[in-house]
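Structure, as structure tokens:
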Amino acid sequence: MRAGTGVGRGRRAALAAALGVVLAAGTLAADPALAQPTPGAGTSRPAGDGHGRSEDRQGGDAGDHGDGKGDGKGDGRQHRDDRHRAVPVKGPVLAEGDAADSKAPTGGGLRTALGGTVQDKALGTLNFAVADAATGEFLFGAQENTPATPASTTKLATAVAALALLPAEHRIATTVVRGTAPGEITLVGGGDPTLTALPADQVRIGGLPVDPDSDPASVAELAHRTATALKAAGTTEVRLSYDTSLYTGPLLHKDHDAMNIAAVTPLMVDEGRIDPRSPDEAPARVFDPAGQAADSFAGFLRAEGVAVQGKPAAATGPATAPAGTAAGTATGTAAATELARVESPTIGRLVERMLTTSDNTLAEAVARQAAIAAKQPASFEGAAKAVSTELAGLGVPLDGVVLTDGSGLAKANLIPPITLVKLLAAAAAPAHPELRPVITGLPVAGFSGTLVNRFGAKSGAAEAAGIVRAKTGTLQGVNTLAGTVVDADGRVLAFALMTRTDADPTAARAAVDRIVAKIAACGC
């Protein structure tokens with residue numbers, strides 16, 4: 001063990017102690033009848049805040065579980081009533097190691113420290129890489145350059161590209177504009193799947209209340225603002241249409257199952273859940289999320305005293321969205337009169353939520369925001385191209401990388417471990433502060449998100465609880481984990497472990513966690 005390790009261990013203990021600061025956030029709904037406030041609680045945000053946010057995802061919209069089809073266990077997820085999820089809120093929980101007073105472990109030291117843990121039969125075929133997070137230097141691995149199925153660790157690529165392409169203040173707007181004929185209005189989807197019909201005091205993410213920065217946009221608030229504008233113009237009766245022209249290409253993911261992911265449309269409420277209060281990690285979804293959202297909006301409009309004629313209809317062509325908005329930019333249409341809008345949390349908060357809860361539906365929405373920023377079609381193909389191009393521009397190695405979606409549900413995706421650790425190193429680098437939500441959004445071992453039930457007392461990896469932040473990935477026969485860990489000398493390391501195995505998923509994940517625990521214990 002190197003000299004100075006005792007000092008490093010003290011520093012790591014202090015870093016781990018900081019985990020008591022992990023904060024939380026959450027969401028849900030779709031029908032005015034569902035949106036009755038808790039007695040004594042307010043339901044709408046001040047009219048001038050420009051957002052009106054309030055959303056959910058019970059700990060995860062099937063991000064990994066979603067991934068987890070086949071074993072039904074998906075990263076140890078369970079119902080909301082017996083878990084405690086948290087979404088990091090204010091900066092990283094674990095500070096970066098100081099390269100000036102700690103050294104990265106050597107490849108030989110890591111080989112010795114890992115020993116037989118990397119040969120556990122439950123792992124099947126293992127590709128892995130460990131790198132110094134401070135410098136991005138590769139330290140140790142096996143088949144680190146060989147592409148493997150990433151599952152939900154694909155979301156790391158989506159997150160890095162989106163944060164690099166979009167300004168930190170970017171929010172996704174849902175708008176209402178005047179139609180071409182008197183009394184016509186159009187609800188324009190801007191790509192925010194977190195738009196909610198629940199009042200703010202009932203919104204949950206990961207089973208926990210949201211903080212003001214994570215509170216998603218409210219469809220009830222959008223209806224209130226729209227009604228206010230209509231009444232000011234003397235209008236109390238409208239015909240409502242809705243515009244989903246922002247996205248192109250297939251509506252359904254190739255592995256769509258109406259549970260782990262909703263139909264991918266730019267207009268939806270509560271991610272298309274049939275029951276927005278469902279505690280299930282992979283809840284049943286409606287067939288037509290855009291139609292559901294329009295019906296919900298119409299119901300709230302009626303509650304505001306504006307009559308809506310008949311049933312909302314899909315617009316026959318792109319609405320003329322206001323110039324400069326996501327919809328207006330994407331469709332290239334002329335400016336129209338905007339009546340009202342609400343906006344999502346910032347892209348950084350959306351990325352944090354996407355990673356912590358492994359939200360497939362949100363991941364595809366974030367990928368399409370990246371596509372729009374990169375002037376690519378807002379489709380599966382366009383998003384994949386935008387992500388790949390942006391990562392190449394950041395210097396991330398892309399040899400062997402194949403991306404077909406933004407969520408990682410597709411088994412056709414391929415990413416080598418070396419690419420994942422380079423993504424993490426870039427996100428942790430002082431030169432890229434805009435990427436920091438990638439690190440702060442990673443679940444904390446034993447504490448939050450998809451790692452809340454891992455690294456437990458009997459896991460053989462308990463010593464790493466609280467000092468590991470990592471993105472999980474689970475598909476049938478595939479278990480991946482990529483993140484950061486503070487080693488015994490206080491150095492932050494990036495790692496990526498990718499397995500393909502016929503073993504029981506629980507055993508495979510436990511074997512992966514034991515490897516990470518060995519890396520954490522390394523003063524080598």
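The values are calculated or read from the model by the stated rules, or taken from the named source; none is laboratory data. Since this is a predicted model, take the numbers as computed values, not measurements. We place every Cβ from the backbone using ideal geometry, glycine too, and count neighbours over all the protein chains shown. Heads up: the accessible areas ignore ligands, DNA and RNA and are worked out on the full protein's heavy atoms, side chains in. Shrake-Rupley method; radii C 1.70, N 1.55, O 1.52, S 1.80 Å.
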Residue count, the range 108-133, condition farther than 10 Å from Thr501 by Cβ, over 29 Å from the mean Cα position of the chain (by Cα) and of a type outside the set (Val, Ile, Thr), comes to 9
Quick one: which residue in Ala232, Ala258 is surrounded by fewer than 22 Cβ atoms within 10 Å (Cβ to Cβ), more than 27 Å from His170 (Cβ to Cβ) and without any contact (Cβ under 8 Å) to a residue 24 or more places away in the chain? Ala232
Condition first: surrounded by fewer than 24 Cβ atoms within 10 Å (Cβ to Cβ) and under 25 Å from Glu221 (Cα atoms). Now tell me which residues in the range 342-390 satisfy that. Glu343, Thr346, Gly348
Restricting to the range 411-421, name every residue that is open to solvent by less than 10 Å² (accessible area, probe 1.4 Å) and either assigned to a loop (DSSP other than H, G, I, E, B) or under 27 Å from Lys254 (Cβ atoms) (or both). Asn413, Ile415, Pro416, Pro417, Thr419, Leu420
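Against the definition (at pLDDT 95 or above, small (Gly, Ala, Ser) and surrounded by fewer than 24 Cβ atoms within 10 Å (Cβ to Cβ)), how does Ala164 come out, yes or no? Reasoning before the result, please.
Values: at pLDDT 95 or above: yes; small (Gly, Ala, Ser): yes; surrounded by fewer than 24 Cβ atoms within 10 Å (Cβ to Cβ): yes.
Answer is yes for this residue.
Does Ala262 meet the test of being touching a Gly at 6+ places or on another chain (Cβ under 9 Å), hydrophobic (A, V, I, L, M, F, W, C) and not in a loop (DSSP other than H, G, I, E, B)? Break it down into steps so the answer makes sense when it comes.
Values: touching a Gly at 6+ places or on another chain (Cβ under 9 Å): yes; hydrophobic (A, V, I, L, M, F, W, C): yes; not in a loop (DSSP other than H, G, I, E, B): no.
Criteria not met by Ala262.
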State all residues of the range 205-237 that are out of contact with any Ser or Thr (no Cβ under 6 Å at 6 or more places or on another chain) and of a type in the set (D, E, K, R); if no residue qualifies, say none. Asp211, Asp213, Arg225, Lys231, Glu237
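Okay, residues lined up against (1) within 18 Å of Thr235 (Cβ to Cβ); (2) charged (D, E, K, R); (3) surrounded by fewer than 22 Cβ atoms within 10 Å (Cβ to Cβ); (4) modelled with pLDDT under 95:
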| residue | (1), (2), (3), (4) |
| --- | --- |
| Ser296 | no, no, no, no |
| Leu301 | yes, no, no, no |
| Gly305 | yes, no, yes, no |
| Pro318 | no, no, yes, yes |
| Ala321 | no, no, no, yes |
| Thr331 | no, no, yes, yes |
| Thr337 | yes, no, yes, yes |
Among (1) within 30 Å of Leu230 (Cα to Cα); (2) open to solvent by 20 Å² or more (accessible area, probe 1.4 Å); (3) not acidic (Asp, Glu), the one test that Leu187 misses: (2)
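Are there any strands (runs of 3 or more DSSP E) wholly within the range 120-226 with 2 or more residues that are free of Cβ contacts under 8 Å to residues at least 40 places away in the same chain, and if so which? Outline the logic, then answer.
Numbers: elements: 125-132, 138-142, 173-178, 184-188.
Here the list reads 138-142.
Which ones in the range 261-281 are of a type in the set (Gly, Ala, Ser) and crowded, with 24+ Cβ neighbours inside 10 Å? Before the answer, list the steps.
Let us first name the residues in the range 261-281 that are of a type in the set (Gly, Ala, Ser), namely 262-263, 272, 278.
Within the range 261-281, Ala262, Gly272 meet the criteria.
Answer yes or no as to whether Ala100 is in contact with a strand residue (DSSP E or B) (Cβ under 8 Å, 6 or more places away or on another chain), hydrophobic (A, V, I, L, M, F, W, C) and either at pLDDT below 95 or surrounded by fewer than 19 Cβ atoms within 10 Å (Cβ to Cβ) (or both).
On the way: in contact with a strand residue (DSSP E or B) (Cβ under 8 Å, 6 or more places away or on another chain): no; hydrophobic (A, V, I, L, M, F, W, C): yes; either at pLDDT below 95 or surrounded by fewer than 19 Cβ atoms within 10 Å (Cβ to Cβ) (or both): yes.
The answer is no for Ala100.
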Residues being within 19 Å of Thr244 (Cβ to Cβ) and in a loop (DSSP other than H, G, I, E, B) - total across the range 286-309: 3
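Go through Glu304, Glu271, Glu281 for me and flag whichever is within 18 Å of Leu362 (Cβ to Cβ) and in contact with a helix residue (DSSP H, G or I) (Cβ under 6 Å, 6 or more places away or on another chain). Before you say what the answer is, go through the steps one by one.
Values: Glu304 fails: within 18 Å of Leu362 (Cβ to Cβ); Glu281 fails: in contact with a helix residue (DSSP H, G or I) (Cβ under 6 Å, 6 or more places away or on another chain).
Result: Glu271 is the single residue among Glu304, Glu271, Glu281 that is within 18 Å of Leu362 (Cβ to Cβ) and in contact with a helix residue (DSSP H, G or I) (Cβ under 6 Å, 6 or more places away or on another chain).
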